[in-house]
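Q: One structure, as structure tokens, below. Some questions next.
The values are calculated or read from the model by the stated rules, or taken from the named source; none is laboratory data. Predicted, not measured: the structure shown is a model, and the values here were computed from it. Cβ atoms come from the backbone with ideal geometry, glycine included; neighbour counts cover every protein chain shown. What goes into the accessible areas is simple: the full protein's heavy atoms, side chains included, and nothing from ligands, DNA or RNA. Shrake-Rupley method; radii C 1.70, N 1.55, O 1.52, S 1.80 Å.
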Amino acid sequence: MNSLERRLQLGLTLSLIILMGGFWIAGNQSIRMLTEDFIASRLKHDMENLLATLVLDPDHPRVRWRRINHIYNQPFSGHYYKSEAK
């Protein structure tokens, strides 16, 4: 193999390694940001749903059970809350 061909192959190999590494990092960051945005929007939606069911009496705050979304009563739905009973 002559010197010029070897240098071209080495340059191409290094360029491809750098390019593929850049694509991997960009893809990883994109997936992470999309996942975090999805989780944050789901938590915000859950918070708004639960806050809409609250009755904030100064002595005894409570949840209006009839207004709560049915998903919170479904087993294994991933939507849960804890009611503090007194």
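Q: Tell me, yes or no, whether the stretch 47-55 has at least one residue that is free of Cβ contacts under 8 Å to residues at least 24 places away in the same chain, exposed (fewer than 10 other Cβ atoms within 10 Å of the Cβ), of a type in the set (D, E, K, R) and part of a loop (DSSP other than H, G, I, E, B).
A: No - not one qualifying residue is present in the stretch 47-55.
Q: Only one of (1) modelled with pLDDT under 95; (2) within 28 Å of the chain's Cα centre (by Cα); (3) not hydrophobic (A, V, I, L, M, F, W, C) is not met by Asn2, so which one is it?
A: (2)
Q: Something else about it: Just to be sure I understand the filter: pairs with C-beta atoms under 7 Å, separated by 6 or more residues or on different chains, first member in the stretch 65-84 and at negative phi, second member at pLDDT 75 or above and of a type in the set (Asp, Glu). Which pairs pass?
A: His79/Asp46
Q: Evaluate the stretch 59-66: report whether one residue or more is modelled with pLDDT under 80 and open to solvent by 100 Å² or more (accessible area, probe 1.4 Å).
A: Yes: one or more hits.
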